[in-house]
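Reviewing the structure listed below.
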Amino acid sequence: MIRREFLAGLTGLSALAAAPAISFAQTPMNLGQQWDVIVIGSGLAGLSAALSASENGADRILVIEKLPVLGGHSRLSTGSFLAVSTKRLEPLGIHTSVDAVLEEMMEVGGGIGNKDLARLLLSQSDAAMDWLETHGLVWNPEPYVAVGSPSAYAFRTIQGFTGSHYIFKLNQRARERGVRFLYDQPVTDLLQDPVSGNVNGVVVKSKNHEVIYIRGNAVVIATGGYSANNALCRKFNSEISALMPSTANPGGRYLDGAWGDALEFTKPFHAATVDLDKIQKICFLGGRLVDYTGADIYLNKNGLRFVNEGASHGDVLVELLKQPQRAMWVITDSQSKKGFLCSRVSTGQGYLFV
């Protein structure tokens, strides 16, 4: 099968198919009021921020989404959730720890990640699963090996591989708590208190191209990454080509708002950025047809095996780019347990089962 290089989304999640649009009717609201919290972006991060703010006492909460549908990049994701959850893993005979997974993360990431932030992420991952569970998500008890991970620490919900399930549940709970939503109106700038210098609102361009000023005591930026903006990706990383779309939207058929908006409207505030060139490049889902290592064989166009199939997808990509036409065949045994990718493609499109 000819493989193109796809660009991994900066949210850490990838997708094969878009979820249905998610929207709910709401009564008219007064945008001129002083909001307690304004959240920019309605993906998993934005909805979590809004719901958490409500749980912690905020009353007037507004979520602003530039697209006409809810969910951001998370709506397109497969919903893979990596967590160090001892109470979920130990009964299955999987013994691990934050330190052990941290070392694996650093190794797979080439040692360039922020180890302190990674440790914080892992140490709170179990609590994050619990929190999502209280808001209606039901986890599939069987963990699996996510693409790019050497061990089975990833979870999905009982709905399967769909990030839209997270969005549906958190949106439902947020609305029950009175969170308001503004669709199809991008934030173009931030407002700043002239005395304190604090951000105290946002500037929004309405559907009618009118400029609206919305004031708030706190502003949360949850706009996601910029993998849908190929020109911006190429600006930051010269290895990216115009033929590399995001894995969240490989065919370019879906609404994907990961344009890097915040990089522009935070410039006047001298917001610090880091590692903008660190864009993950993978052959589609690593080329893997199964959920474990050892049942796939990768051959180039000349029928020659060119890489250790158990290597990280980054290492596989490096070798793939050296092959004729940057293409490969994937061969697997007909008796092997097939993974998510295999269930979504026809065996006549270049996969061999022997």
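The values are calculated or read from the model by the stated rules, or taken from the named source; none is laboratory data. The structure presented is a predicted model; accordingly, all values stated were derived computationally and were not measured. Using ideal geometry, Cβ is built from the backbone for each residue, glycine included, and neighbour counts are taken over all protein chains shown. Note: areas computed on protein heavy atoms with side chains; ligands, DNA, RNA excluded. Shrake-Rupley method; radii C 1.70, N 1.55, O 1.52, S 1.80 Å.
A few points about this structure:
- Spin-label zone in the range 176-210 - amide nitrogen under 14 Å from a point set 7 Å from the Cα of residue 36 along the C-beta vector: 176-180
- Ordered from largest to smallest accessible area (heavy atoms of protein chains, 1.4 Å probe), the residues 63, 98, 195 come out as 195, 98, 63.
- Inter-site label distance for residue 207 and residue 253 at 7 Å from Cα along Cβ, in nm: 2.7 nm
- The chain: most fluctuating residue of 106, 244, 129 per GNM, C-alpha cutoff 10 Å: 106
- Modelled FRET efficiency - R0 22 Å, residue 338 with residue 308, Cβ distances, 0.05 increments: 0.55
- Per residue, the chain exposes an accessible area of 49 Å² to a 1.4 Å probe, with every protein chain left in place.
- Remark: for residue pairs 301/338; 115/278; 169/281, the C-alpha separation exceeds 26 Å in 169/281.
- Rel. contact order, % - alpha carbon contacts under 8 angstrom, at least six apart, the range 133-191: 27 percent
- Within the range 52-111, the proportion of Cα pairs with more than 14 Å between them is 75 percent.
- Rg then Dmax, both in Å and based on the Cα atoms of the range 145-202: 18.9, 52.
- Considering only the chain, percent of DSSP beta bridges that pair antiparallel, nearest 5: 60 percent
- R0 of 41 Å, Cβ-Cβ distance residue 274-residue 183: FRET efficiency to nearest 0.05: 0.85
- Our note on the geometry: Cα centres of the range 51-124 and the range 314-335, 30 Å apart.
- Considering only 162, 216, 302, the residue lying farthest towards the positive end of the dipole of the chain is 302, judged by Cα position with unit charges set on Cβ.
- All-pairs alpha carbon distance profile, the range 26-149, 5 Å steps from 0, percent: 2, 9, 14, 18, 18, 15, 11, 7, 4, 2, 1, 0
- The range 136-266 - Rg (one decimal) and Dmax (whole number), Cα, Å: 18.9, 54
- Dipole-positive endmost among 172, 146, 188 within the range 138-190 (Cβ charges, Cα centre): 172
- Charge dipole magnitude, Cβ of K and R +1, D and E -1 - the chain, Cα centre, debye nearest 20: 960 debye
- Extent along principal axes [Cα atoms of the range 210-308; Å; largest to smallest]: 61, 26, 24
- Cβ-Cβ FRET estimate between residue 241 and residue 218, R0 fixed at 51 Å, reported to 0.05: 0.80
- The chain - percent of accessible surface contributed by carbon and sulfur, probe 1.4 Å: 53 percent
- Whole-number D in µm² s⁻¹ for the range 59-218, Kirkwood Cα-pair radius fed into Stokes-Einstein, 37 °C, 0.692 mPa s: 178 µm²/s
- Residue order by solvent-accessible surface for 259, 35 is 259, 35, largest first, with ligands and nucleic acids left out and a 1.4 Å probe.
- Sum of -39500 (n - 2.57) over DSSP H runs of 4+, divided by residues of the chain (222 nm, nearest 500): -6500 deg cm²/dmol
- Computed magnitude of the charge dipole of the range 32-135 (debye, nearest 20; Cβ of K, R +1, Cβ of D, E -1): 320 debye
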